[in-house]
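Some notes on the structure that comes next.
The values are calculated or read from the model by the stated rules, or taken from the named source; none is laboratory data. Only a predicted model underlies this, so the values are computations on that prediction, with no experimental measurement involved. Note that each Cβ is placed from the backbone with ideal geometry, even for glycine, and that neighbours are counted across all protein chains shown.
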Amino acid sequence: MGEDQKVKRPLCEKELLDPKGRNGVFVKLIVTAFIISIISELIGRKSFSIGIGNIVLLPMLYAVIMGILVTPDILGKKIKSLSKLVSREEVELASPFVMLALLPLGVKYGTLVGPNIVKVVQAGPAFLLQELGNLGTIFVGLPIALLLGMKREAVGATVSICREPCLGVIGEKYGISSPEGTGTLGTYLMGTVFGTIFFGILGSISVATGLHPLALAMAGGMGSGSMMTAASGSLAAAVPEMSEQILAYAATSNMLTGVTGLYSTVFLGIPLVNFLYRKLEPILGRGGRK
Amino acid sequence: MALDKEKLFNQLKILIVVGMMVLVAQRVGYGISITAAIPGMIMVIGIAIFALFIRALTPNLQFPAFAWASLTALILSMPFMPTSRIFLQYTNQVNFLGTTAPILAFAGISVGNKIEQLKKLSWKVVIVAICVFTGTYFGSAIISHIILKMQGII
């Protein structure tokens, strides 16, 4: 980000959203996303049993997969005409579009919580305490990361599910090119690319664990609008008789994580992951440290 | 803080386009009449732009526009609010899942510039990330299951 790169610097959000002289980019992006949405809706919901439970596949899942496929580095590489339709410019513009397209969904979530507000308030203690469950990233992730031979990267990769606020905190504390930063960036990238696909499948199949659908619904609120939607959407499709309450619980929990997530990473996550790293690394870590 | 009207106006234009995409997508996917859904969609877009407005006014508050949109709709739809009946009657014509396909189509496209970075990640990160996702999900689910049970809600 040096001064000399000013000419080639990426557009800021405000400039990205300005259609002046860039109408073509807007039209191509919108047409592509529109076609993908329609194809996804035409395929429709598919559900099938895999023995331990049901997997429900929703149109949003096909949409994200098709979206990834049409980008320049995947199919665009092979099909030249496609790379003209979806080039780097359209990819760049898609980011602020996601934020805006999420807002109508945010409104819909509000309309699901509002009528259920009494039930939601009654479940208040559960909502607050389950936020601590987000530290599960450390308890499950850190030992595995150490067994795989990761060093300080493990701290960054498992401190939370590494959405944007966490990226900011870790970047500030350790520097984004530090080992910790590299780890956080890794989990962040995985979540960005595969998060909705992963939770879209986990949401419906997790019913098989015997955990109550409402408890699973709360768990789906992780501070990421799209991951929460994937998890709760497929969970609601798998347990249709509770679908409204599931979506209401998930949305509430997600709002709460939006508020608490950052503080929980700073005051609980980072101290805990460092403490456990010191305790566990000598036992689980592989010798020959760098 | 000076409000950036130009940016807000451009955001509104995009919201209208997204709204039209949702109207067609939910016609195809769920058979909801486009004309019947238009009033509800206008309300939805109105709240969305209000959320962007509030977000722009409160740059230091780490509360995203998405959450403002939910919170506003939540308040308008609470049972004891005079707005709730009419608001829900119209917004019910906007299907929850119908709004999701366009979002995720954009989301899929937007990760296109991360593929090369992703290829550089080691397989270890892939496994660890899966454990991290599973950990937060079941960590929260187990705690809420226990508390809801203790409260007698489930």
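Observations
- Residue A:228 being under 24 Å from residue A:164 (Cα atoms), of a type in the set (A, V, I, L, M) and at the interface with chain B (Cβ under 9 Å from one of its Cβ atoms): no
- So residue A:94, is it within 26 Å of residue A:15 (Cβ to Cβ), free of Cβ contacts under 8 Å to residues at least 24 places away in the same chain and buried (at least 22 other Cβ atoms within 10 Å of the Cβ): no
- Of residues in region A:153-163 being touching a Phe, Trp or Tyr at 6+ places or on another chain (Cβ under 8 Å) and either more than 7 Å from every other protein chain (Cβ to nearest Cβ) or part of a helix (DSSP H, G or I) (or both), the one surrounded by the fewest Cβ atoms within 10 Å (Cβ to Cβ): A:163
- Residue in region A:118-126 that is within 28 Å of residue B:99 (Cα to Cα), within 7 Å of chain B (Cβ to nearest Cβ) and of a type in the set (A, V, I, L, M) present: yes
- Qualifying residue in region A:171-182 (condition: over 16 Å from residue A:220 (Cα atoms) and within 7 Å of chain B (Cβ to nearest Cβ)): no
Let's see how each residue does on (1) within 22 Å of the chain's Cα centre (by Cα); (2) outside any loop (DSSP other than H, G, I, E, B); (3) modelled with pLDDT of 95 or more:
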| site | (1), (2), (3) |
| --- | --- |
| A:62 | yes, yes, yes |
| A:84 | no, yes, no |
| A:92 | yes, yes, no |
| A:95 | yes, yes, no |
| A:109 | yes, yes, no |
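- Filter result for residue B:47 (modelled with pLDDT of 95 or more, more than 7 Å from chain A (Cβ to nearest Cβ) and closer than 17 Å to residue A:108 by Cα): no
- Condition check for residue A:144 on (1) of a type in the set (A, V, I, L, M); (2) touching a Cys at 6+ places or on another chain (Cβ under 7 Å); (3) buried (at least 24 other Cβ atoms within 10 Å of the Cβ): one failure, at (3).
- Residue-level analysis places residue A:138 outside the set of residues that are buried (at least 24 other Cβ atoms within 10 Å of the Cβ), at the interface with another protein chain (Cβ under 7 Å from one of its Cβ atoms) and either in contact with a Phe, Trp or Tyr (Cβ under 9 Å, 6 or more places away or on another chain) or touching a residue at least 40 places away in the same chain (Cβ under 8 Å) (or both).
- Check on residue B:63, aromatic (Phe, Trp, Tyr), modelled with pLDDT under 95 and more than 16 Å from residue A:113 (Cα to Cα): yes
- Test: residue in region A:62-84 that is buried (at least 17 other Cβ atoms within 10 Å of the Cβ), closer than 30 Å to residue A:239 by Cα and more than 7 Å from chain B (Cβ to nearest Cβ): yes
- Verdict on residue B:136 being buried (at least 22 other Cβ atoms within 10 Å of the Cβ) and within 27 Å of residue A:126 (Cβ to Cβ): yes
- Residue under evaluation residue A:207, criteria (1) part of a helix (DSSP H, G or I); (2) more than 7 Å from every other protein chain (Cβ to nearest Cβ); (3) of a type outside the set (Phe, Trp, Tyr); (4) more than 23 Å from residue A:131 (Cβ to Cβ), criterion not met: (4)
- Sole exception among (1) touching a helix residue (DSSP H, G or I) at 6+ places or on another chain (Cβ under 6 Å); (2) more than 7 Å from chain A (Cβ to nearest Cβ); (3) under 20 Å from residue A:123 (Cα atoms) for residue B:90, by number: (3)
Yes or no, residue by residue, for (1) part of a helix (DSSP H, G or I); (2) in contact (Cβ under 8 Å) with a residue 24 or more places away in the chain:
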{"residue": "B:71", "(1), (2)": "yes, no"}
{"residue": "B:75", "(1), (2)": "yes, no"}
{"residue": "B:79", "(1), (2)": "no, no"}
{"residue": "B:101", "(1), (2)": "yes, yes"}
{"residue": "B:104", "(1), (2)": "yes, no"}
{"residue": "B:110", "(1), (2)": "yes, no"}
{"residue": "B:127", "(1), (2)": "yes, no"}
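- Positions within region B:1-34 being more than 9 Å from chain A (Cβ to nearest Cβ), in a helix (DSSP H, G or I) and among the β-branched types (Val, Ile, Thr), in sequence order: B:16, B:34
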